[in-house]
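Participant: Next up is a structure, given as structure tokens.
The values are calculated or read from the model by the stated rules, or taken from the named source; none is laboratory data. Here the structure is a predicted model, which is why all the values come from computation and not from measurement. We place every Cβ from the backbone using ideal geometry, glycine too, and count neighbours over all the protein chains shown. SASA here: full protein model, heavy atoms, side chains in, ligands and nucleic acids out. Shrake-Rupley method; radii C 1.70, N 1.55, O 1.52, S 1.80 Å.
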Amino acid sequence: MLEGEPNSSRYRRSVSPDLLREHDACGVGFVARASGRRSHDVARMALEALARVAHRGAASTDNSGDGAGLLTQIPHRLFYREAYRLGLRLQPGKPFAVGAFFLPPDHEALRRSLALVEEVLEANGLPFLGWREVPVEPAALGPIARASCPAIRQAFIGCPANTAEEETWERVLYLARRDMERRAAAEGLGDFFVCSLSCRTIVYKALLTGTQLPAFFNDLKYPEFETAIAVFHQRYSTNTLPSWPLAQPFRLIAHNGEINTLWGNRNAMRAREAVMESPVWGEQIARLKPVIWEEGSDSAGFDNAMELLVRSGRSPLHTMMMLVPQAWERYPDVEPAIRGFYDFHAALIEPWDGPAALAFTDGVIAGAATDRNGLRPCRYKVTRDDLVIAASEVGVVDLDPREVVESGKLGPCEFIAVDTGRGRILRNMDVKREVAARRPFGRWVAKNSRVLVAEHPVADSQRPAEDLGQRQIAFGYGNEDLRFVLEAMGGTAADAIWSMGDDTPIPPLSRLPQSVYAYFRQRFAQVTNPPIDPLRESVVMSLRMHLGRQGSFLEEHPSQAKLLRVDHPVLLEEEMAALRNVPGFSCVTINAVWDPKAGPEGMRPALDDLCRQAERAARKGARLLVVSDRVAGPDLAPLPMLLAIGAVRRHLLDRGLRLRLGLVAEAGDAWDIHHFATLIGYGAEAVH
């Protein structure tokens with residue numbers, strides 16, 4: 001089910017026939033000078049690059065673009081001049097922060113929004129210095145974008161008392177922004193959106209194309225608009241309808257691609273909120289929840305996750321390696337320290353998997369990275385004066401060839417970064433070696449992690465033929481399942497092959513009883529991926545799972561590696577026996593069965609009791625929980641395992657207990673790939 005359909009009748013795309021052959025969506029990149037010297041040239045080149053990737057975006061028939069923008073360092077010279085003109089208390093040389101806001105244009109709602117911002121800033125000890133109405137040219141917009149144009153304001157904010165470091169200041173601003181978002185939602189200010197709120201960076205974006213951006217924002221034309229870093233983005237909306245807030249860049253990133261794991265990432269983050277803690281935040285951490293903006297796009301969700309990790313103390317490079325890990329398990333040439341980094345973090349947080357090309361900055365470090373498949377392009381050039389230009393394609397900025405000392409492209413999960421604080425350009429291995437050397441991650445994993453190993457084969461359980469038939473009926477096997485699915489898999493060790501045409505009625509309209517699994521189908525993103533061959537897939541995809549008690553992903557310590565590693569989520573009989581006896585991982589089995597004599601009404605109390613047993617096991621210290629229907633028989637019917645797993649996961653999640661234990665399904669009604677996929681999708685980390 002798509003979040004939104006961009007090609008709906010109310011928002012038709014205007015795409016030339018030549019562009020229909022273009023299979024890559026969005027244009028993204030950055031321009032940065034390693035010396036940190038600010039100039040208008042960097043902003044000018046970013047605007048030039050943005051205009052030249054306009055063909056990667058989309059627009060409605062009235063020329064209202066999907067969105068484009070810049071993320072730059074705060075242009076101090078421009079704002080000192082503007083503060084003098086407006087009579088604001090902004091003294092040259094004195095640090096300040098800037099908030100960029102989209103606010104409701106209605107007079108009363110705008111008044112309430114301005115007051116809300118000022119009140120939240122005051123409550124957080126942030127001196128409010130004044131408002132600036134951003135000068136714009138509405139005529140540069142298409143009619144659809146113009147009709148929905150918000151009031152665009154900038155707030156100038158002083159440094160809070162007793163704050164000596166920018167990182168601390170950024171955290172206070174982050175907390176303030178989250179407070180603003182909650183209050184605006186509670187007060188029904190639906191058009192309230194904070195584009196950026198930072199003492200380092202600022203966002204200029206709008207619902208237009210890259211060629212229109214400098215015509216809309218007058219600020220971008222002035223020579224005083226100086227920066228050493230500029231991230232640019234031209235949007236092609238795929239999974240959400242175009243809107244002003246969803247234009248990119250966001251607060252830290254600009255993204256070309258799709259996060260195909262989005263729903264899993266959102267659910268996992270919701271589970272992790274219960275155990276989130278960090279000395280950086282202390283009791284204030286509750287103000288950061290929920291972490292992910294549910295109405296946002298996949299790119300916005302990635303930005304939310306990255307922002308939390310960066311504000312909690314990790315560098316943007318460390319964070320990007322965590323969220324978009326490279327394929328490392330089947331590559332023998334990965335250096336041990338880097339392998340240890342990825343091994344440790346694989347158990348800490350799930351990847352936000354692409355395809356993706358990402359440009360990012362925190363105002364000091366700027367960089368670009370690609371996903372593990374390299375399915376989105378990113379090319380770069382480096383000049384003699386250490387200027388780096390990275391973008392979705394070459395030729396986005398006119399450079400004298402004599403000044404270019406390096407040209408290249410990023411391969412799968414590679415980096416190029418510019419650290420303006422140290423005046424350095426960092427290539428792929430520079431980034432990874434530096435981040436991996438921060439902690440002995442590999443030693444932590446080797447000392448604490450356990451791998452599930454089945455040492456002794458378990459004898460096959462021989463059941464009478466009549467008993468087998470009864471159990472197949474009880475678990476919902478049909479004649480076609482045996483003939484066309486199980487026999488095919490057993491005889492060829494491969495999935496059954498089906499034709500594309502399928503006239504089977506969907507379960508709600510079927511006259512025959514259907515399993516619970518049949519009511520679920522893949523929830524997918526509208527993507528533009530090229531096909532992946534099975535050889536490539538075998539080395540870039542991982543089936544590894546980690547079971548056990550998980551802690552806060554905002555911290556780093558050896559105990560976080562104390563998990564049970566399962567190299568494949570489908571467990572054999574002997575692996576299941578080994579799992580129940582792993583030292584240090586207490587395992588509890590609860591029975592997913594119910595009394596059929598009670599009728600359909602008896603299923604709900606059975607599920608409720610199952611959830612209570614799961615909660616009791618979690619609170620008593622179990623690290624592994626097996627939900628099993630093995631004891632089903634003539635007097636006890638099996639609960640549909642998907643229903644049981646989903647109910648247990650939801651119950652544990654609601655009580656903040658989901659991450660205390662690993663969840664395993666022992667299911668008699670799972671024999672098809674779709675069955676396994678849905679069980680894992682709804683919470684099981686392994687299935688037997």
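Participant: For the range 184-243: of the residues being in a loop (DSSP other than H, G, I, E, B) and among the hydrophobic types (A, V, I, L, M, F, W, C), which is farthest from residue 300 (Cα to Cα)? It would help to see each step written out before you state the result.
Facilitator: We begin by selecting, within the range 184-243, every residue in a loop (DSSP other than H, G, I, E, B); these are 187-192, 199-200, 207-212, 222-226, 228, 235-243.
So of that shortlist, the ones also among the hydrophobic types (A, V, I, L, M, F, W, C) come out as 189, 192, 199, 207-208, 225, 228, 241.
Details: 189: 20, 192: 16, 199: 21, 207: 16, 208: 18, 225: 26, 228: 24, 241: 13 Å.
So the residue we want is 225.
Participant: Could you check how many residues of the range 174-201 are within 22 Å of the chain's Cα centre (by Cα) and among the hydrophobic types (A, V, I, L, M, F, W, C)?
Facilitator: Of the residues in that region, 5 qualify.
Participant: Mind listing whichever residues of the range 247-281 are open to solvent by 40 Å² or more (accessible area, probe 1.4 Å) and small (Gly, Ala, Ser)?
Facilitator: 264, 274
Participant: Still on this structure: So residue 238 fits all but one of (1) buried (at least 22 other Cβ atoms within 10 Å of the Cβ); (2) within 14 Å of residue 352 (Cβ to Cβ); (3) of a type in the set (Ser, Thr, Tyr); what number is the exception?
Facilitator: (2)
Participant: Take the range 94-113 and flag every residue that is within 28 Å of residue 163 (Cα to Cα), open to solvent by 40 Å² or more (accessible area, probe 1.4 Å) and either not charged (D, E, K, R) or not in a loop (DSSP other than H, G, I, E, B) (or both).
Facilitator: 95, the sole residue that qualifies.
Participant: Of the conditions (1) touching a strand residue (DSSP E or B) at 6+ places or on another chain (Cβ under 9 Å); (2) at pLDDT below 95, residue 239 clears all except one; give me its number.
Facilitator: That leaves (1) as the condition not met.
Participant: Also, quick follow-up: Here are 566, 593, 631, 582: which of them is farther than 24 Å from residue 275 by Cα and touching a residue at least 60 places away in the same chain (Cβ under 8 Å)?
Facilitator: Within the list 566, 593, 631, 582, the selection yields 582.
Participant: When you scan the range 393-415, do you find a residue that is outside any loop (DSSP other than H, G, I, E, B), touching a strand residue (DSSP E or B) at 6+ places or on another chain (Cβ under 7 Å), aliphatic (A, V, I, L, M) and surrounded by 15 or more Cβ atoms within 10 Å (Cβ to Cβ), even just one?
Facilitator: There is no residue in the range 393-415 that is outside any loop (DSSP other than H, G, I, E, B), touching a strand residue (DSSP E or B) at 6+ places or on another chain (Cβ under 7 Å), aliphatic (A, V, I, L, M) and surrounded by 15 or more Cβ atoms within 10 Å (Cβ to Cβ).
Participant: Take the residues of the range 514-524 that are at pLDDT 85 or above and of a type outside the set (Val, Ile, Thr): which is most open to solvent (accessible area, probe 1.4 Å)?
Facilitator: Checked the range 514-524; the qualifying residue most open to solvent (accessible area, probe 1.4 Å) is 519.
Participant: A follow-up question, please. Looking at the range 282-301, which of its residues are open to solvent by 70 Å² or more (accessible area, probe 1.4 Å) and within 13 Å of the chain's Cα centre (by Cα)?
Facilitator: If the condition is that a residue be open to solvent by 70 Å² or more (accessible area, probe 1.4 Å) and within 13 Å of the chain's Cα centre (by Cα), then 293, 294 are the ones that fit.
Participant: Ok, one more. Exactly one of (1) open to solvent by 60 Å² or more (accessible area, probe 1.4 Å); (2) modelled with pLDDT of 95 or more is unmet by residue 198. Its number?
Facilitator: Of the numbered conditions (1) open to solvent by 60 Å² or more (accessible area, probe 1.4 Å); (2) modelled with pLDDT of 95 or more, the odd one out for residue 198 is (1).
Participant: Looking only at the range 293-349, count every residue that is acidic (Asp, Glu), assigned to a loop (DSSP other than H, G, I, E, B) and in contact (Cβ under 8 Å) with a residue 12 or more places away in the chain and tell me the total.
Facilitator: Total satisfying the criteria: 3.
Participant: Check residue 66 against each of (1) more than 28 Å from residue 370 (Cβ to Cβ); (2) open to solvent by less than 10 Å² (accessible area, probe 1.4 Å) and name the one condition it does not meet.
Facilitator: All conditions are met except number (1).
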